[in-house]
Amino acid sequence: MIGPTPLLDFFKRGEVERDVRMEAALGTLAPRAYEQLAILVLLLEDPDQEVRTTADETLSRIPEEALKAFLARSDVPIGLREFFADRGIFPDEMPDITVEVDVEEPLLDASGESDDALFGNENEDRDTAQQRLQKMSFTERLRAAVKGTREMRSILVRDTNKMISAAVLSSPKLAEPEVEAFAKMANVSDDVLRTIANNRAWMKNYNIALSLTKNPKTPLGTSLHIMPRLNDRDLAQLSVDRNVPEPLRIAARKKIVAKQSGKEKG
């Protein structure tokens, strides 16, 4: 499936500094095919001429066969197809089976081996990851949030800069056990917890939903919305959990009473 990500949303809202926009225009930032194309198209309207020109040059460097194969996907938004049609590029009617397009990868990877040297590998411990991050510029940390190691993501999801933490949640390398760990953290921003709660795929995982509900940092409205999904045992524990807001405990108790009344009537 393809679609918006927290990182793409920042670009849509125009909340991105010039150096980051230039990084994206070069094709070195966005992790997924759709995200890369959507950001580059947005940057063609950037107020900075150099950013516009760079984005246009990067778009022209994307292999045409890979682009046509991607545009042939049924889940590609019609607006994106129309944009490329205006540039004379149309979806493949008979896709070339020799051209494989991984939607979890960018269509043009402009970072190369430099990222591998910058981020290290998954075997490095937390201290090493922290030391690497301390030496990075903002745009490098942003790339690390998207393409770095698991340890880097666990550090950067708590970054005070909202764009950095949003980039972590946009990473195609992010696995559900990591999301569950984030959902338990009381030292992440409300935005991180809200973004997790708004992701339908993640919320199919019961443990993620439970972790969000039990996290005292989760916005009350979000917790109240998730709470009815809990099973009887977890609902009972929530009703006496002094770490969560009182309105959530009260709502859990009311839910238990309602369930018991329903059973008695049945």
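The values are calculated or read from the model by the stated rules, or taken from the named source; none is laboratory data. Nothing here was measured: the structure is a model prediction, and the numbers come from that model. Backbone-built Cβ (ideal geometry, glycine too); neighbour counts: all protein chains shown. To get the accessible areas, we keep the full protein, side chains included, count just its heavy atoms, and leave off ligands, DNA and RNA. Shrake-Rupley method; radii C 1.70, N 1.55, O 1.52, S 1.80 Å.
Odds and ends about this structure:
- The set of residues in the range 212-226 being open to solvent by less than 10 Å² (accessible area, probe 1.4 Å) and either within 13 Å of M185 (Cα to Cα) or in contact with a Lys or Arg (Cβ under 8 Å, 6 or more places away or on another chain) (or both) consists of L212, T213, N215, T218.
- Of E180, E140, all but one fail to be under 25 Å from S211 (Cα atoms), in a helix (DSSP H, G or I) and of a type in the set (D, E, K, R); the exception is E180.
- Inter-residue pairs, beta-carbon under 6 Å, first touching a residue at least 24 places away in the same chain (Cβ under 8 Å) and in the range 200-226, second surrounded by fewer than 20 Cβ atoms within 10 Å (Cβ to Cβ) and among the polar types (S, T, N, Q), 6+ apart: P216/N243
- Residues of the range 8-22 that turn out to be closer than 22 Å to D102 by Cα and crowded, with 18+ Cβ neighbours inside 10 Å, as a count: 1
- Contact map, the range 28-54: first residue touching a residue at least 60 places away in the same chain (Cβ under 8 Å) and within 21 Å of S171 (Cβ to Cβ), second residue open to solvent by 10 Å² or more (accessible area, probe 1.4 Å) and part of a helix (DSSP H, G or I), Cβ cut-off under 6 Å, separation 6 or more or different chains; pairs are L29/E23.
- Which listed residue is open to solvent by 10 Å² or more (accessible area, probe 1.4 Å) and at pLDDT 95 or above, from P63, P47: P47
- Matching entry among A209, A167 (being in a helix (DSSP H, G or I), of a type in the set (A, V, I, L, M, F, W, C) and under 15 Å from the mean Cα position of the chain (by Cα)): A167
- Residues that are over 22 Å from A145 (Cα atoms) and open to solvent by 10 Å² or more (accessible area, probe 1.4 Å) are absent from the range 184-197 altogether.
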